[in-house]
Structure formats: structure tokens, C-alpha cells
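A.B. asks: Supplied in C-alpha cells, the structure appears directly below.
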Amino acid sequence: MIEVVLVDDERPALRGLEHLLKKYSEISILGMYTNPLKAIDEIGKRKPQAVFLDINMPQLQGVDAASRILDISPDTDIVFITAFDQYAIEAFELHAIDYILKPVTPDRLRKTVNRLLEKKSLTMPGSVQKLQINCLGKFQICWEGQESIKWRTEKTRQLFAFLLHHQGREVSKDEIIDALWPEGKIEKAVHQLHNGIYYIRKTLERHGIDRSIVNISGSYCMKLGNVDMDISKFNECCARIKKYNDIHDLKEAESLYKGDYFEGTDWVWSEIYRQTISRKYDEIIIKLADSCMDAKEYDQSEELLLKGFNKNPYEERITELLLMLYKITNNKAKGIKHFSKYKKILQKDIGIKPGKKIQKILDSMK
Amino acid sequence: MKVYILDSGGSGLDKIVTWLSEDIDIKEISVINRADEFLKKVKNEHPELVFIRLGNDDIPGLKTGRMVKDVKSGIRIVFVSEENDHALDAYEVGANGYLLCPIEKKKFDSILSKAKQETYCNNGSMKGDAKW
């Protein structure tokens, strides 16, 4: 648990931050102050791990307040929250752990919380190990380098996955029952749900996963602490790709996708998301193969495209690129072979012919 | 402590290298001028601290910083720049320091001592090596 103190001279802003931070099960708010002098006094006594500090206070400048906090509690980490960007250098000079521009978004705050957690785990030997949650490919949960957790029944496993799928959001009893026990008597379903939650909690406890890592509140809301989860990493990568289109992010996202979301399950409630993620992956394959082709890394590009084709043979851009690749590398035989395979699949599965563009690329091969 | 520097003759580089080499706790210093080579070495060797130049067209400093953190988030990053306008981005990356040129010895020392303090504190086996 990370103990923090919040300081902001504006009460609404303080409440807003409290509201955001309360979502993190690993954060415990020791106190909130609008009066910085009182705050400094309290911080000196209680020595929290971190202080979230607004820099624009009339009584005392934020940077000065931070420096006084560090004088009385040198191990406390400072997180500046501010509407101004000009103090970032001074913040670095004070070794502030983070500097967040307002408005504070949950995504940005997650980064800060992770930084604090990481620092805590580094300074507390033995707690470095992270819980790994894999949703891409086979759904598995395990401590780094250890065997994966076994669930009492398939339904318990599905219930855990369902809560994980909705993590951070409260789901109603009805929603869970509709998704997991759509048939049968409601009383029985409620009973099974209660049992399921009980067994999940027991299982987590038995594996040493405490509430700061995975917490299921009474109202069926799962909150995760500092875990290593492939789907979050994949989504973060995709967001970065959208912004920077960097090849390293493409490669990372590609390698994170070990298979479909909750692969091998027939959980209807995850179907739409499974398709969304699968389409994102198709886009990644296409972009990455294209970049490899530009860099004249033809073997790698071919490998990616064939992988993409096996996964989703109907995506015509994959075949388009593959044929382009065979054209550039003067490999007409492979081009024809692939085309005929593609044509056959299209004909057989959906009863259509390859598009004109693809035909054109094939015709242009020498 | 291993320290790698990504820079190609930027201002203040000489000073950084001199100050580092005067420090008894620094066992290895490498200056590399290409981001790909630098990252390769970081991936293989996991240094405790890196300095990365910003504002050089040939060095994608912020991006490299992000990638260093992806290799191992515990590697401490200090950006070196002649301008202060990347300080916010540096925080986004998760940097531990930002040195403005011309570099003041006092500020450099403060960054280095914080790095040593947290590195040794995190790595019990190095405690015995600490000379301070």
C-alpha cells in the first residue's frame, strides 16, 4: 500500500484528485489539505511515501513547499500537479518523481501510480515479482516464472475472466448472471455467483495475491494493482503506434499477440472485444510487414504476412502486400501459388472472387 | 555502477565524462553516438544510469528514452539538453533527471548522488561496495 497526502489550495480540485486516486486499490490517502503549512506539519509527522502537490498556491509556492517537505521528510516522493509547464526543470532539480499537467487524466495518473509502486517494490526486496495476467492466447494467471493458477471449476475461471474484462467498472449481479448463467433458475444462479466469488477470493489468497494486486469489491468491481497484463500492454502499444507509428512499438505489439483474446473459449460476452483486438492485430501485421518491406527485410515481411494470412485469410490487404512482396522479389511461382490458395478460400467460404487490385498485381508479375 | 551516454559531441559531454570518471563508484562509462547501438548495449548490459542528449537531429532522444524504460524500468535516465522545452516530455518518459547546458557541477552531483543512493538502496549486494 502506498500512503499519500494530497495538497491543493482549491477544495474542488482536491476532491477531484481524491476521486481519481480512490480508484487505485494500492493507494491509501492519509490526509488532504488546503492549507499547505498545516500539510507540511502533518507530512513531517506521518512521513507518507508520496505527496501530490499543486504548485499554484498563494501562501507558498509549490516548489518551495516541496523543498520544505523534503527537508522534514527526505524519503517522501513529490508529484507535482499543475496547470503550468514552466516548473518542470525545477521539479527535476528537486528529484520530484512526477510532474502532471492539469487536467489530470486517469491514464496519466496510472503512470504516476505505477512509478510509485515500482519504486516501492524496488526498495522492498521480495516484492519485485509481478503477477502476470495473459488474456491473449490461453487465459492464464501466474506469478512471474511460476505455474499458472488452477481454478476450481471452469465457471469460476470464466467468472474471474468476466470481472477482469470489466476491470475498473462496477458490474451488476444481473449482468453477470445474464452472461454466465443465462438459463436456469435465478436463485441457483445467484447462489453459484456467490460461491464463485468466494472461491476466487480463496484462490487468490492461497496464491498470495493480496487486495493491493487484485481486489473485488462487494459491488462486483475488479480493481488491479501493479500487474503485468498483456492486453493492457498491447493496447498501450497500439495507442503509441497511433501517435508515433514507431517500428519498435509495432514489433512489441506483434509479439504480445500470442493468440486471440481468451482464445479457445466460447465466452459470448468477450466476442465483440475479441474481434476488435483481432482487427487491431491485423492492422499491426499490415503496418509492420509494410515497414519491413520498405527496409528491404523481405523474409521477415513474408513471415509476418503468412502468419496474418493464416489468421485471417479474408483480409485482402494482406494478400495484396504478399503479392507485392513476391513481385518485388521476382518470385512469380510463390505469387501464383498464394493467389490460387486465396481464390479457393474466398470461393469456398464466402463465394466471392478476389478483388481487381489483387488480380492486377498478379497480372503485372513477370 | 555502469553509465552509458548517448551523445555525439554535444555541449557539456566532456564535462560529464570527466566528472563520471573522477567518481570511484562508476565502474564503466561508454559514450555511444547511435541510438540503435546504444539500445543494443542497454538491452545486453542493463546499466544503472544513462545520459541521453536531446535536441540533436541525429538522436531520437525521447523515443530512445522510452525504449530504455521498456527494457528495464529501473534504469535511470537523465536527459541532457540546451533547452528547457522538453522537460515535460522527459517526465512523460519517466526520466529521473534533466540537465540544462551549460551543466552546473552542483546539479550534476545532485543527480549522481541521488542515482547512487537509490541504486545502492535497491541492490543490497552493492552496499558493500559503496565508498561513501
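A.B. asks: Of all residues in region A:170-215, which are basic (Lys, Arg) and either modelled with pLDDT under 90 or surrounded by 14 or more Cβ atoms within 10 Å (Cβ to Cβ) (or both)? If you could, list the steps in order and put the result at the bottom.
C.D. replies: First pass over region A:170-215, keeping only residues basic (Lys, Arg): A:173, A:185, A:188, A:201-202, A:206, A:211.
Within region A:170-215, A:173, A:201, A:206, A:211 qualify.
A.B. asks: Next question, about the same structure. Please tell me if residue A:69 is aliphatic (A, V, I, L, M), under 26 Å from residue B:108 (Cβ atoms) and either in contact with a helix residue (DSSP H, G or I) (Cβ under 8 Å, 6 or more places away or on another chain) or surrounded by 14 or more Cβ atoms within 10 Å (Cβ to Cβ) (or both). Spell out how you get there, then give the answer.
C.D. replies: Details: aliphatic (A, V, I, L, M): yes; under 26 Å from residue B:108 (Cβ atoms): yes; either in contact with a helix residue (DSSP H, G or I) (Cβ under 8 Å, 6 or more places away or on another chain) or surrounded by 14 or more Cβ atoms within 10 Å (Cβ to Cβ) (or both): yes.
Criteria met by residue A:69.
A.B. asks: Can you name the residue in region B:104-120 that is more than 14 Å from residue A:92 (Cα to Cα) and either surrounded by 20 or more Cβ atoms within 10 Å (Cβ to Cβ) or in contact with a strand residue (DSSP E or B) (Cβ under 8 Å, 6 or more places away or on another chain) (or both) and, of all such residues, is nearest to the other protein chains (Cβ to nearest Cβ)?
C.D. replies: Here the answer is B:118.
A.B. asks: So which residues in region A:28-66 are modelled with pLDDT under 90 and in contact with a helix residue (DSSP H, G or I) (Cβ under 6 Å, 6 or more places away or on another chain)?
C.D. replies: Within region A:28-66, A:36, A:55, A:57, A:59, A:60, A:63 meet the criteria.
A.B. asks: So, one more: Looking only at region B:67-94, count how many residues are buried (at least 22 other Cβ atoms within 10 Å of the Cβ) and either small (Gly, Ala, Ser) or facing chain A (nearest Cβ under 8 Å) (or both).
C.D. replies: The qualifying residues number 4.
A.B. asks: Of everything in region A:138-177, what is in a helix (DSSP H, G or I), more than 14 Å from residue A:270 (Cβ to Cβ), of a type in the set (D, E, K, R) and without any contact (Cβ under 8 Å) to a residue 40 or more places away in the chain? Give them in sequence order. Lay out the reasoning, then the answer.
C.D. replies: Initially, region A:138-177 is screened for residues in a helix (DSSP H, G or I), giving A:154-165, A:173-177.
With the extra rule that they be more than 14 Å from residue A:270 (Cβ to Cβ), the set shrinks to A:154-156, A:173-174, A:177.
Adding the requirement that they be of a type in the set (D, E, K, R) leaves A:154-155, A:173-174.
Residues satisfying the conditions are A:154, A:174.
A.B. asks: For region A:92-115, enumerate the residues that are of a type in the set (Phe, Trp, Tyr) and not in a helix (DSSP H, G or I).
C.D. replies: So the first thing to find is which residues in region A:92-115 are of a type in the set (Phe, Trp, Tyr), and the list is A:92, A:99.
Within region A:92-115, A:99 is the sole residue that qualifies.
A.B. asks: Further question on the same structure: With respect to the numbered conditions (1) surrounded by fewer than 16 Cβ atoms within 10 Å (Cβ to Cβ); (2) more than 23 Å from residue A:1 (Cβ to Cβ), which one is the sole condition not fulfilled by residue A:28?
C.D. replies: Result: residue A:28 passes all but (2).
A.B. asks: Suppose we keep only residues that are more than 14 Å from chain B (Cβ to nearest Cβ), acidic (Asp, Glu) and touching a residue at least 24 places away in the same chain (Cβ under 8 Å) within region A:208-259. Which one would you say is farthest from residue A:135 (Cα to Cα)?
C.D. replies: A:254
A.B. asks: Here's something else I'd like to know. In region A:79-116, what residues are facing chain B (nearest Cβ under 8 Å), of a type in the set (A, V, I, L, M, F, W, C) and either surrounded by 22 or more Cβ atoms within 10 Å (Cβ to Cβ) or under 13 Å from residue A:67 (Cα atoms) (or both)?
C.D. replies: Scanning region A:79-116 gives A:88, A:91, A:92.
A.B. asks: Tell me the residue from A:53, A:37, A:20 that is assigned to a strand (DSSP E or B), aliphatic (A, V, I, L, M) and away from chain B (no Cβ under 12 Å), please.
C.D. replies: Numbers: A:37 fails: assigned to a strand (DSSP E or B); A:20 fails: assigned to a strand (DSSP E or B).
The match here is A:53.
A.B. asks: Of these, A:307, A:343, which one is surrounded by fewer than 20 Cβ atoms within 10 Å (Cβ to Cβ), without any contact (Cβ under 8 Å) to a residue 40 or more places away in the chain and within 13 Å of residue A:289 (Cβ to Cβ)? Outline the logic, then answer.
C.D. replies: Numbers: A:343 fails: within 13 Å of residue A:289 (Cβ to Cβ).
Sole residue among the options that is surrounded by fewer than 20 Cβ atoms within 10 Å (Cβ to Cβ), without any contact (Cβ under 8 Å) to a residue 40 or more places away in the chain and within 13 Å of residue A:289 (Cβ to Cβ): A:307.
The values are calculated or read from the model by the stated rules, or taken from the named source; none is laboratory data. Given the structure is predicted, the values throughout are model-derived calculations rather than measurements. Every residue, glycine as well, gets a Cβ built from its backbone with ideal geometry; the counts of neighbours run over all protein chains shown.
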